[in-house]
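> Sharing a structure here in structure tokens format.
Each reported figure results from applying straightforward, stated rules to the coordinates on display, with no laboratory input. Note that this is a predicted model, so its numbers are computed, not measured. Backbone-built Cβ (ideal geometry, glycine too); neighbour counts: all protein chains shown.
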Amino acid sequence: MAYQIKTTLVEKSRLPEIDFDNIPFGKTFSDHMFVADYKDGEWQNAEIIPFGHFQIHPAAMALHYGQAIFEGMKASVSHDGKPMFMRPEMHVERFNASAARLMMPSVPAELFLSAIHEIVALDAAWIPPAKGSALYLRPYMFACDEFIGVKPSQTYKFIVFTGPVGPYYPKPVSLYADMHYIRAAAGGTGFAKCAGNYAGSLLPAQNAIDKGYDQVLWLDAKEHKYIQEVGTMNIFFHIGDKLVTPDIEQDTILKGITRDSAIKFWRSKGIEVDERQISIDEVAEAFDKGELKGAFGTGTAAVVAHVHQIAYGDKVMNIEHGNPEGPGQMFKDFIDNLRSGTIKDEFGWIVPVKSSSLTTA
Ligand SMILES: Cc1ncc(COP(=O)(O)O)c(C=O)c1O
């Protein structure tokens, strides 16, 4: 089914007010947003409108019962000025897996992809051109029924807004392996990108900060033993000559798209990557034997963030980090070069932005 997207343009762009060399993360929004309504069992009213506030009913179910999911993805511009996405279909798939877990309707791939192509094409001038910079996209869906009572809503809004983000130079992070709080339990919603997972992580994250660490290293809910992930990143350990990362067969871990790309990249370079359960004790043992050569998180925001320290009970492990020849840096450079279009897209991950607005621009 083809979706007609009605477009209403801003009267005056805010772009001239933006300094691309100084963009505060998460606080700068582009001129337009995409909005669609789910009603009577179908998506309708797809339109692009000026970015701005909208009204919401005080009883809107998302505000009470938490049917709210989102994605985080980037569009970038190649060195010769062509806007592009990386693996957008993976975001559609994950979004709809989140929707299914929360009994929300799926957004057809055609609607999701039309929305992101149109909105990015229209606001393409908001994509910062510097290497490592990007236009961040936030597709999300929430329940709108005006109702008190726990049941799936019958109406939803799907929105995509965007905002430029500067190059992300992540400092190496320290992690606190939490043996009390958990992020997700088997059978729960850990694999879904739903708002509640993030709300529940705030107190443990503050607890880690109060203890002097940057982020929580989440352990499994049952035994507080097996490593899951970190903040908004998946985690890898460089042990001996291999990389080890928790497997995502379990439904407790977000299926990171950067994680998937990193594994495919490293394997193509002949680096062995084990996806399996890994306990915090195994990491501590590797550290004690001098076999832990590094640890890093992967995610859309930073691509790769090195870990310089892990605290586990009374033990504090200071980890080697930032090796410019190491697998973490190799992958980060690969992604930066791929996005700037200076290397061949050997995996076929790059999708050029295409739309009617782009061709008429
Ligand atoms: C909890 C969590 N884990 C991992 C990731 C990394 O996923 P991706 O590489 O798709 O950004 C994210 C970010 O989306 C996240 O929020």
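> Across region 293-308, in residue order, what do the Karplus-derived ³J(HN,Hα) couplings come to in whole Hz, using 6.51 cos²θ - 1.76 cosθ + 1.60 with θ = phi - 60° and x for Gly and Pro?
My calculation for region 293-308 gives 8, x, 8, 8, x, 10, x, 4, 5, 9, 6, 9, 10, 6, 9, 9 Hz in order.
> Can you check what the net charge comes to around Leu292, using other residues whose Cβ is under 14 Å from the Cβ of Leu292 (Lys, Arg +1; Asp, Glu -1)? Display every interim value, and only then the final one.
Working: positive: Lys242, Lys289, Lys293, Lys315; negative: Asp241, Asp281, Glu282, Glu285, Asp288, Glu291, Glu320.
Net charge around Leu292: -3.
> In what sequence, highest mean first, do 253-259, 179-185, 201-207 appear when ranked by Cβ atoms within 10 angstrom? Mind dumping the intermediate values first?
Values: 253-259: 22.0, 179-185: 17.0, 201-207: 14.4.
Per-residue mean Cβ counts within 10 Å order the peptides as 253-259, 179-185, 201-207.
> Highest GNM mean-square fluctuation, the chain, Cα pairs closer than 10 Å: which of Thr189, Thr155, Thr342?
Thr342
> Under the rule of -39500 (n - 2.57) per DSSP H run of 4 or more residues, summed and divided by the residues of the chain, what mean residue ellipticity at 222 nm is obtained, to the nearest 500 deg cm²/dmol?
Numbers: 8 runs with 89 residues, N = 361.
Helix contribution divided over all residues of the chain: -7500 deg cm²/dmol.
> Want the number for Phe70 to Ala125: 0.36 nm per residue separation, take away the alpha-carbon distance, what's left?
On the way: separation 55, 0.36 × 55 = 19.80 nm, distance 2.42 nm.
In short, 17.4 nm is gained.
> Check which residues have an amide H placed less than 5 Å from Gln154's amide H, if you skip close sequence neighbours.
Asp145
> Also: About its Cα centre, how strong a charge dipole does region 173-321 have in debye, to the nearest 20, once Lys and Arg get +1 and Asp and Glu get -1 at the Cβ? Can you show the working numbers first?
On the way: 15 positive and 21 negative charges, 89 e Å.
It comes to approximately 420 debye.
> Using a simple charge model, +1 on the beta-carbon of Lys and Arg, -1 on the beta-carbon of Asp and Glu, nothing else, what dipole does the chain show about its Cα centre, in debye to the nearest 20? Don't jump to the answer; show the numbers that get you there.
Details: 34 positive and 44 negative charges, 79 e Å.
Dipole of the chain, to the nearest 20 debye: 380 debye.
> Which aspartates and glutamates does Lys315 reach when only Cα atoms under 14 Å apart count, and residues fewer than 8 places away in its own chain are ignored?
Straight-line reach from Lys315, under 14 Å: Asp178, Asp281, Glu282, Glu285, Asp288.
> Ranked highest first by the average count of other Cβ atoms within 10 Å around their residues, in what order do 76-83, 140-147, 227-234 fall? Mind dumping the intermediate values first?
Working: 76-83: 16.4, 140-147: 20.1, 227-234: 23.4.
So the order, starting with the most tightly packed, is 227-234, 140-147, 76-83.
> Report the extension gain between Glu325 and Ser13 in nm, rounded to one decimal, defined as 0.36 nm multiplied by the number of residues separating them, less their alpha carbon distance.
Working: separation 312, 0.36 × 312 = 112.32 nm, distance 4.32 nm.
Full extension of this stretch gives 108.0 nm more.
> Still on this structure, please answer the following. How many angstrom lie between the C-alpha centres of region 318-333 and region 61-101?
Taking the Cα centre of each part, region 318-333 and region 61-101 sit 27 Å apart.
> Here's a follow-up. Kindly rank 46-54, 330-338, 33-41 from highest to lowest mean number of other beta carbons found within 10 Å of each residue. Write out the running numbers ahead of the final one.
Working: 46-54: 14.1, 330-338: 18.8, 33-41: 17.2.
Top to bottom by mean Cβ count within 10 Å: 330-338, 33-41, 46-54.
> On to the next question. I'd like the orientation of helix 195-210 relative to the chain: the angle between its Cα long axis and the longest Cα principal axis, in ° from 0 to 90, rounded to 10.
Helix 195-210 sits roughly 40 degrees off the main axis of the chain.
> Then there's this: Report, ordered by chain and residue number, the aspartates and glutamates lying within cross-link reach of Lys12, taken as a straight Cα distance under 15 Å and ignoring same-chain residues fewer than 8 apart.
Excluding near neighbours in sequence, the set is Asp31, Asp123.
> Could you work out the pair-distance distribution P(r) of the chain from its alpha-carbon pairs, with 10 angstrom bin width and percents rounded to whole numbers?
Cα pair-distance distribution for the chain, in percent: 5, 23, 31, 26, 12, 2, 0.
> First select every other residue whose beta carbon is under 13 angstrom from the beta carbon of Tyr168; then total the charges, Lys and Arg +1, Asp and Glu -1. Walk me through the intermediate numbers first.
Working: positive: Lys74, Lys131, Lys171, Lys332, Arg339; negative: Asp336.
Summing Lys/Arg as +1 and Asp/Glu as -1 gives +4.
> Hey, another quick one. Near Lys255, which lysines are there with a Cα under 19 Å away, not counting those fewer than 8 places off in the same chain?
By straight Cα distance, Lys255 reaches Lys74, Lys193, Lys264, Lys332.
> In which sequence would Asp314, Asp247 go, from the one with the fewest C-beta neighbours within 10 Å to the one with the most?
On the way: Asp314 5, Asp247 12.
Ascending Cβ contact count within 10 Å gives the list Asp314, Asp247.
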